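Undergrad: Shown below is the structure under consideration.
The values are calculated or read from the model by the stated rules, or taken from the named source; none is laboratory data. None of these values were measured; they are calculated from a predicted model. Cβ sites come from the backbone with ideal geometry, for glycine too, and all protein chains shown count toward neighbours.
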């Protein structure tokens with residue numbers, strides 16, 4: 001489907017808690033995840049969308065925990081929830097990075113884990 005019809009379908013099926021989109025084009029093996037509003041802002045730049053799934057913050061969290069080989073935990077820090085990511089640097093030293101438990105924080109973590 002073209003980006004216009006994809007946008008219409010997304011708008012019709014979107015629920016208030018949906019903040020992520022999992023989408024794919026012709027090659028279903030190449031799946032992408034993005035903040036839903038950012039995806040919609042791209043318009044025609046997205047290209048052909050063959051399928052998609054809308055996800056809430058909690059659904060995206062569970063998906064990331066299942067995908068990430070490094071330990072992730074969600075913890076309370078003061079008034080907010082945070083994500084604690086344990087990873088090993090190239091020298092083999094254990095590192096910990098903390099992200100806010102928000103759609104933007106989860107997306108930043110995904111970018112660091114799967115893109116960097």
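Undergrad: Answer yes or no as to whether residue 52 is in contact with a helix residue (DSSP H, G or I) (Cβ under 9 Å, 6 or more places away or on another chain), surrounded by 10 or more Cβ atoms within 10 Å (Cβ to Cβ) and not in a helix (DSSP H, G or I).
TA: yes
Undergrad: So residue 99 clears everything in (1) more than 14 Å from residue 7 (Cα to Cα); (2) modelled with pLDDT under 95 except one condition, right? Which one?
TA: The single condition residue 99 does not satisfy is (2).
Undergrad: With respect to residue 37, is the statement that it is in contact with a strand residue (DSSP E or B) (Cβ under 8 Å, 6 or more places away or on another chain) and assigned to a helix (DSSP H, G or I) true?
TA: In short, yes.
Undergrad: Here's a follow-up. If we scan segment 17-26, do we find a residue that is exposed (fewer than 11 other Cβ atoms within 10 Å of the Cβ) and not assigned by TED's automatic domain parsing to the domain that holds residue 101?
TA: There is at least one residue in segment 17-26 that is exposed (fewer than 11 other Cβ atoms within 10 Å of the Cβ) and not assigned by TED's automatic domain parsing to the domain that holds residue 101.
Undergrad: If you scan segment 88-116, which residues turn out to be assigned to a strand (DSSP E or B) and either surrounded by fewer than 12 Cβ atoms within 10 Å (Cβ to Cβ) or out of contact with any helix residue (DSSP H, G or I) (no Cβ under 8 Å at 6 or more places or on another chain) (or both)?
TA: Hits for segment 88-116 are 88, 94, 95, 96, 98, 100.
Undergrad: Check residue 74 against each of (1) over 20 Å from residue 13 (Cβ atoms); (2) under 18 Å from the mean Cα position of the chain (by Cα); (3) in a helix (DSSP H, G or I) and name the one condition it does not meet.
TA: For residue 74, the exception is condition (3).
Undergrad: Among the candidates 32, 111, 81, which residue alone is free of Cβ contacts under 8 Å to residues at least 12 places away in the same chain and touching a strand residue (DSSP E or B) at 6+ places or on another chain (Cβ under 7 Å)?
TA: 32
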